[in-house]
Amino acid sequence: QVQVVESGGGLVQPGGSLTLSCTTSGLIFSLNDMDWYRQAPGKQRELVASAYGDGKKTYADSAKGRFIVSRDNPKNTVYLQMNDLKPEDTAVYYCKAGIPGLPEYWGQGTQVTVSS
């Protein structure tokens with residue numbers, strides 16, 4: 001049984017930092033591309049950052065220069081370090097594991113609120 005579990009969300013002031021974690025079990029983590037998505041109230045879910053199994057990393061324009069995605073394969077964990085947070089970063093952040101052509105696995109999400 002595959003499990004994908006996010007953690008690390010919370011309330012942070014504008015300009016602050018937060019690091020999210022996503023830990024998986026039941027899959028070969030190193031082979032999976034790991035994505036971070038977010039969904040703000042009333043908006044569509046959007047891709048924030050990706051850490052591919054081949055080591056490549058990509059970012060949405062909104063995340064470039066502020067967010068850093070990394071993965072620790074022996075720990076089956078992917079991280080999203082978020083710096084200089086803005087109110088518009090407020091959203092539920094989701095982690096997704098997948099290999100192209102095979103089923104995808106989503107976590108339950110973790111709430112990030114940026115507010116003074």
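The values are calculated or read from the model by the stated rules, or taken from the named source; none is laboratory data. Model, not experiment: these values are computed from the prediction. Just the protein is used for accessible areas: all its heavy atoms, side chains included, with ligands, DNA and RNA removed. Shrake-Rupley method; radii C 1.70, N 1.55, O 1.52, S 1.80 Å.
Laid out as a table, the results:
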item	result
Eligible lysines near Lys75 by straight Cα distance, threshold 24 Å, same-chain separation 8 or greater	Lys56, Lys57, Lys96
Whole-percent carbon and sulfur share, accessible surface of the stretch 32-116, 1.4 Å	49 percent
Exposure of Arg45 as accessible area (Å², to 10), given a probe of 1.4 Å and all protein chains	100 Å²
Relative intensity, log₁₀ I(q)/I(0), of the chain from a Debye sum that treats every alpha carbon as a point, q = 0.15 Å⁻¹	-0.59
Mean separation of Cα contacts under 8 Å (6+ apart) over length of the chain, as relative contact order %	37 percent
Whole-Å distance, taken between Cα centres, linking the stretch 49-82 and the stretch 1-28	12 Å
Note, ³J(HN,Hα) from phi for the stretch 43-50, Karplus 6.51, -1.76, 1.60, rounded to Hz, x at Gly and Pro	10, 6, 5, 10, 6, 9, 7, 9
The chain: most fluctuating residue of Gly65, Gly55, Gly42 per GNM, C-alpha cutoff 10 Å	Gly42
